[in-house]
Each structure stands twice: as C-alpha cells, then as structure tokens.
Amino acid sequence: MPALIFAFPFAMNECQLSNTQAEIEACFARNAWGFRVYAASLPGFLVLSVILYARASRWALPSLALVSLGPLAVAMAFAAVRGG
C-alpha cells in the first residue's frame with residue numbers, strides 16, 4: 001500500500017505540469033482535439049475491418065490490428081502535422 005503513494009505523480013495529467021494557466025488550458029485543448037480525432041477515425045477502421053471480413057479478404061485478420069492501432073496512428077499523425 002505505501003508503494004501506491006509513489007505512483008501518484010504518474011496518475012496526474014501531464015498538462016498539470018505546465019508552468020502557467022494558459023499553457024495548461026492549451027494542453028487540455030490539444031488533448032481534447034486529439035481525442036476527437038481518435039474517436040472520429042475509430043468507426044472508419046471498424047467499418048473497414050467488417051467489410052474486409054465480409055468479403056473474406058486475406059487482409060481481414062490484419063485489419064483487426066488496425067482497429068486498435070489505426071486510430072492512434074491517425075491521431076499521432078495529425079498531432080505531428082499540427083505541431084501539438
């Protein structure tokens with residue numbers, strides 16, 4: 001139980017480590033934007049996976065990995081392009 005006390009800093013959001021209130025608010029805004037990109041791309045990858053499965057494509061099984069990794073990759077790519 002005492003070890004959980006040392007894990008507390010890892011439970012904190014990284015935005016709270018910023019120096020000013022403006023930086024904190026900008027960080028939370030970027031996080032919200034990233035979540036919206038992730039949530040918007042998830043149904044697209046899911047539909048693609050279902051279509052490939054229904055067509056008995058050889059890419060049906062690899063597309064399951066895209067359902068979990070694809071939206072994260074899209075969100076990270078948009079973050080890199082956006083600079084945030």
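Descriptive notes on the structure:
- Remark: pairs (first residue in region 16-37, within 13 Å of Ala79 (Cβ to Cβ); second residue open to solvent by less than 100 Å² (accessible area, probe 1.4 Å) and modelled with pLDDT of 80 or more; Cβ separation under 6 Å; 6+ apart in sequence or on different chains) = Gly34/Ala75; Val37/Ala75.
- The residue pairs whose first member lies in region 44-58 and is assigned to a helix (DSSP H, G or I), whose second member is basic (Lys, Arg), and whose beta carbons are closer than 9 Å, counting only pairs six or more residues apart or on different chains, are Leu52/Arg58.
The values are calculated or read from the model by the stated rules, or taken from the named source; none is laboratory data. Fair warning: this is a prediction, and the values are worked out from it, not measured in the lab. Don't worry about glycine lacking a Cβ; one is built from the backbone with ideal geometry, like all the others, and counts go over all protein chains shown. Remember, those area values only see protein heavy atoms, side chains included, never the ligands or the DNA or RNA. Shrake-Rupley method; radii C 1.70, N 1.55, O 1.52, S 1.80 Å.
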